[in-house]
Amino acid sequence: MPSVRVRDNESFEKALRRFSKACEKTGLLSEIKKRQHFEKPRERRKRKLDAARAANSAGCGWKINDGRHNASRNLTGAAQKD
């Protein structure tokens, strides 16, 4: 939790502004908003996958993997009957 000491001859508004900036730097408010409601693991994966798709379409080069299947897995390893 960020803390701010009020300096001599400093107004409350200025100290509050410094505290707000310190909270923004640490990401405290975004963390609170994120944890306000429980997010199921599947919803979390879907959100991350959507973000990766958006970044990939923007040209960032992120690898998209939804965690369910491996596309490069060899499926011919099972015993074959003649």
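Charges were assigned to the Cβ only: +1 to each Lys and Arg, -1 to each Asp and Glu. The resulting dipole of the stretch 12-57 about its Cα centre is roughly 160 debye.
To the nearest 0.05, how large is the calculated FRET efficiency for residue 57 and residue 30 if R₀ is 22 Å and r is the Cβ-Cβ distance?
Details: r = 24 Å, r/R0 = 1.07.
After rounding to 0.05, the efficiency reads 0.40.
Considering only Cα atoms, the convex hull volume of the stretch 12-57 works out to 90 Å³ per residue. Computed from phi, the 3J(HN,Hα) profile of the stretch 18-31 under the Karplus parametrisation 6.51, -1.76, 1.60 (θ = phi - 60°) reads 5, 5, 4, 5, 5, 5, 5, 5, 7, x, 5, 5, 5, 5 Hz, with x in place of Gly and Pro.
Each value in this text was obtained by applying a stated rule to the coordinates, not by laboratory testing. Not measured: the values here are computed from a predicted model. Counting neighbours? That spans all protein chains shown, and the Cβs are built from the backbone with ideal geometry, glycine included.
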